[in-house]
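Down below is the structure, laid out as structure tokens.
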Amino acid sequence: MKNKKKLIILILACIVFILCSQNVFASSVENVMLKNTGILEYTDNPYMPFYTTSHINENRIANKISSLFRSAVRATLPKQYRTEGLTVKDQKNTGECWAFAYTSAIEAYNIVHTGKTEIFSPRHIDYSCSKSFKDAITDKSKYFNREVSEASGNYFLTSAYAASRKGPVLESDMPFSETLDKINLSDLNKEKQYQIEDYLLFDSVFKKYSGNQVSYYSNSNCTEPYTKINDFRTQVKQQIQQNGAVVTCIYETSADKDVLVKDSSKKVNHGVCVVGWDDDYKAQGWDKAGAYIAINSYTTKSFYNGYIYISYDDIFVENNMVGITAVSDIDTTNVYEHDELGTTGGVSADSIFEDYTQKEEITAVNIFDRNNKEKAETLTEVGVSVWTYQKAEVYFTDEFGSSALPINWKLVASTDTIAPGFKTIRLTKPVELTKEKYAIAVRFIEDNEENAATVALEIPIENSWWSTAKGKNGESYVVKDKFEIDGKNTTYYGITVDQAGNMANTCIKAYTTIATDINSEKYEIRGNIITRVDINTDLESFKNNITVGEEGKEYKVLDANGNDITDETTVLATGYKVIVDSKEYTISVTGDISGDGKADILDLARMRAHVVGRKGFILSGANLYAADLSFDSQVDVLDVARMRKLCVQ
């Protein structure tokens, strides 16, 4: 009996110990209010409704941004250049210049990379960034507080549209109209043509005139001189030459075909797409030569056949430049996000916490509930908004502790330095989603100890298009100081932005795919492209590494000429097709850019031509994947080095 009592006491002691241990090591939630609420101010400049609390040092742009461009084998930039083949459109009396400029930028990217001249719909963008719907909107936080064709729009609307992968759609699917009528939400359900994966937010160059003399600054107060304007302009030109265009905003009157504004009291009123430059161009009344060439949106009957020239020294043109840097075919089924309205600012670690001991890093966390729990779903990519030059580590978990907070994180991707803008990060290996909810953490690491790491937030801004933004408890957190993998002793901080307790969302998106007709543990299925197929893979090996629909389902593998391949020893090449029912998949063999089944000097030459941006040699589709030897969603000098080794082998 005594032994039994001792056993009961021992069991009770163990239970108490376990409970106490759980309390000691359990994760917890706290709310923290932003120290600097200045970020919530809404300026009267609709193109720039916020500022970032972490200043980007001007010396960093020349050192960092150049790595984004294919400049390792740098060709001399011409004195004049223009992306040709674009269609000049007509926005008529609407305020959709921003949407027209953005679609022109996508079209320019397409022309440079694929030679296609598709026309995309500005109206679809405008409606997608509005609340102009006949349907009753049940969750206003998912819709901008603006009506279609308001007097203005900006890059931050189009970036939210692109990051949510809502488009672009063809102009023929939603033609332009001056109407302000509301539409049904279902009218937005058009076939998306591409997904915009990456875009670059150039550093802002501020200018101040004294008479006819212009000075350059890296801050809006014009107190810190900007000394590397030539490097900046070289990088803008590289973006135009390699990716077609940049989008910017200017002050323009209806008669301006040669734009040079010196008066800082003016305010930007027009969005344009810059598609070229002319270093020797000097309009009447200009003090210096040199101009950007922009396609406008008022028909070919206006300006110079629809184009305008903007002086390099225009006070606004270099202040808010944005460039699309990566576009791909559709391979996303679901987009998980809490920041449907996109980022409204970048907040530094020391603007959130008083006692931040490791300001050079901060971790953002989003918890997602799955949309479709019945179908197999695979997490393939994570998208992040970025406000300063930082490295990123991406973590995943579908395990949650006793406090319903994430534990046991797994590293699934990491990056080199990311520039400001938006970046799609492909996971090292896709993750199968099997549980009802999961979490993504992105650890941002500032590589300059003098600067604090930043996290992009979606914040409600009173009396603005973003006034409907609303964070909810349990959706988004930040973790300060060092990020612990086990998560069992982690404090997750929800960010409040005002005394009313309104919360911010972190700008992390998760992109998933639903099981397709073809699945593989060895290869990666990217939309309709089967990637990561090794050189010298024969038909037999390929078939052994894929599953096609239901067991025993018939399919065919075709060569580049459309002939059915039956010989199991045939070596596959980039461009070969797999046909399942009426659906077509393209095979991409890593290293085989030319489509001959080998990796040789010809492939190296084509890769080098792509890397330096040689017109007519820009890779796309299966050929682009074949050139990505490092599997990091970009083709650069690292891939060139690996191709050299592969050729030797």
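The values are calculated or read from the model by the stated rules, or taken from the named source; none is laboratory data. Keep in mind that what you see is a predicted model, and the values were worked out from it rather than measured. For neighbour counting, all protein chains shown are included, and Cβ atoms are generated from backbone atoms with ideal geometry for every residue, glycine included. Ligands, DNA and RNA are stripped out before the accessible areas are found, and what is left, the full protein with its side chains, is counted by its heavy atoms. Shrake-Rupley method; radii C 1.70, N 1.55, O 1.52, S 1.80 Å.
Name, by its number, the condition in (1) farther than 18 Å from HIS610 by Cα; (2) open to solvent by 10 Å² or more (accessible area, probe 1.4 Å) that does not hold for GLU96.
(2)
Of all residues in the stretch 458-492 being among the hydroxyl-bearing types (Ser, Thr, Tyr) and within 25 Å of the chain's Cα centre (by Cα), which is farthest from ILE407 (Cα to Cα)?
Restricting to residues being among the hydroxyl-bearing types (Ser, Thr, Tyr) and within 25 Å of the chain's Cα centre (by Cα), the top hit is SER464.
Considering each residue of the stretch 202-223, count those that are open to solvent by less than 80 Å² (accessible area, probe 1.4 Å) and assigned to a loop (DSSP other than H, G, I, E, B), and give that number.
8
Within the stretch 356-376, does at least one residue satisfy the condition of being touching a strand residue (DSSP E or B) at 6+ places or on another chain (Cβ under 9 Å), closer than 22 Å to GLN195 by Cβ and among the acidic types (Asp, Glu)?
No: zero hits.
Here is a yes/no grid of residues against (1) hydrophobic (A, V, I, L, M, F, W, C); (2) in contact with a Pro (Cβ under 7 Å, 6 or more places away or on another chain):
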site	(1), (2)
GLY306	no, no
ASP314	no, no
VAL317	yes, no
MET321	yes, no
VAL335	yes, no
LEU341	yes, no
ILE352	yes, no
THR380	no, yes
LYS391	no, no
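Scan the stretch 385-404 for residues that are closer than 12 Å to ILE440 by Cα and open to solvent by less than 10 Å² (accessible area, probe 1.4 Å) and jot them down.
Of everything in the stretch 385-404, those that are closer than 12 Å to ILE440 by Cα and open to solvent by less than 10 Å² (accessible area, probe 1.4 Å) turn out to be VAL394, THR397.
For the stretch 411-457, enumerate the residues that are more than 18 Å from the chain's Cα centre (by Cα), over 23 Å from ASP628 (Cα atoms) and among the charged types (D, E, K, R).
GLU432, LYS435, GLU436, LYS437, GLU446, ASP447, GLU449, GLU450
Is one or more of the residues making up the stretch 555-567 at positive phi and either open to solvent by 20 Å² or more (accessible area, probe 1.4 Å) or at pLDDT below 90 (or both)?
Yes, there is a match, as at least one residue in the stretch 555-567 is at positive phi and either open to solvent by 20 Å² or more (accessible area, probe 1.4 Å) or at pLDDT below 90 (or both).
Would you pick out the residues in the stretch 356-384 that are assigned to a loop (DSSP other than H, G, I, E, B) and either surrounded by 23 or more Cβ atoms within 10 Å (Cβ to Cβ) or touching an Asp or Glu at 6+ places or on another chain (Cβ under 9 Å) (or both)?
First, pick out the residues of the stretch 356-384 that are assigned to a loop (DSSP other than H, G, I, E, B): 356-360, 370-376.
Across the stretch 356-384, the qualifying residues are TYR356, THR357, GLN358, LYS359, GLU360, ARG370, ASN371, LYS373, ALA376.
Name the residues in the stretch 438-484 that are crowded, with 16+ Cβ neighbours inside 10 Å and over 23 Å from ILE418 (Cα atoms), would you?
Once the filter is applied, which keeps residues that are crowded, with 16+ Cβ neighbours inside 10 Å and over 23 Å from ILE418 (Cα atoms), the stretch 438-484 yields TYR438, PRO460, ILE461, SER464, TRP465, TRP466, SER467, THR468, ALA469, LYS470, GLY471, GLU475.
If we scan the stretch 131-152, do we find a residue that is open to solvent by less than 50 Å² (accessible area, probe 1.4 Å), under 23 Å from ILE418 (Cα atoms) and touching a residue at least 24 places away in the same chain (Cβ under 8 Å)?
Taking every residue of the stretch 131-152 in turn, none turns out to be open to solvent by less than 50 Å² (accessible area, probe 1.4 Å), under 23 Å from ILE418 (Cα atoms) and touching a residue at least 24 places away in the same chain (Cβ under 8 Å).
Spot the failing condition for LYS116; the list is (1) farther than 23 Å from PHE303 by Cβ; (2) open to solvent by less than 10 Å² (accessible area, probe 1.4 Å), and only one is missed.
It is condition (2) that LYS116 fails.
Quickly run through the stretch 416-429 and pick out the residues that are in a strand (DSSP E or B) and open to solvent by less than 50 Å² (accessible area, probe 1.4 Å).
ILE418, GLY421, PHE422, LYS423, THR424, ILE425, ARG426, LEU427
Being open to solvent by less than 10 Å² (accessible area, probe 1.4 Å) and either of a type in the set (Val, Ile, Thr) or farther than 20 Å from ASN371 by Cα (or both) is the filter here; which residues of the stretch 498-522 pass it? Please lay out each step first, then the result.
Let us first name the residues in the stretch 498-522 that are open to solvent by less than 10 Å² (accessible area, probe 1.4 Å), namely 504-512, 518.
Scanning the stretch 498-522 gives ALA504, THR506, ILE508, THR512, ILE518.
Is there any pair linking a residue in the stretch 531-542 that is open to solvent by less than 50 Å² (accessible area, probe 1.4 Å) to one that is hydroxyl-bearing (Ser, Thr, Tyr) and part of a strand (DSSP E or B), with Cβ under 7 Å and at least six apart or on different chains, and which?
Every condition considered, the pairs that remain are THR531/SER588; VAL533/SER588.
Tell me which of these VAL347 doesn't satisfy, since it passes every other one: (1) surrounded by 20 or more Cβ atoms within 10 Å (Cβ to Cβ); (2) among the hydrophobic types (A, V, I, L, M, F, W, C); (3) at pLDDT 90 or above.
If we test VAL347 against (1) surrounded by 20 or more Cβ atoms within 10 Å (Cβ to Cβ); (2) among the hydrophobic types (A, V, I, L, M, F, W, C); (3) at pLDDT 90 or above, just (3) comes out false.
Go through (1) at pLDDT below 85; (2) in a loop (DSSP other than H, G, I, E, B) for CYS647 and report which single condition fails.
Here CYS647 meets the rest and fails (2).
With the requirement that a residue be over 18 Å from ASP329 (Cα atoms) and of a type in the set (Gly, Ala, Ser), what does the stretch 161-220 give you?
Result: SER172, SER177, SER186, SER204, SER210, GLY211, SER215, SER218, SER220.
Cβ-Cβ below 7 Å, separation at least six or inter-chain, first residue in the stretch 73-99 and of a type in the set (Lys, Arg), second open to solvent by less than 30 Å² (accessible area, probe 1.4 Å) and at pLDDT 90 or above: which pairs?
ARG82/VAL275; ARG82/GLY276; ARG82/ILE293; LYS89/PHE100; LYS89/SER297
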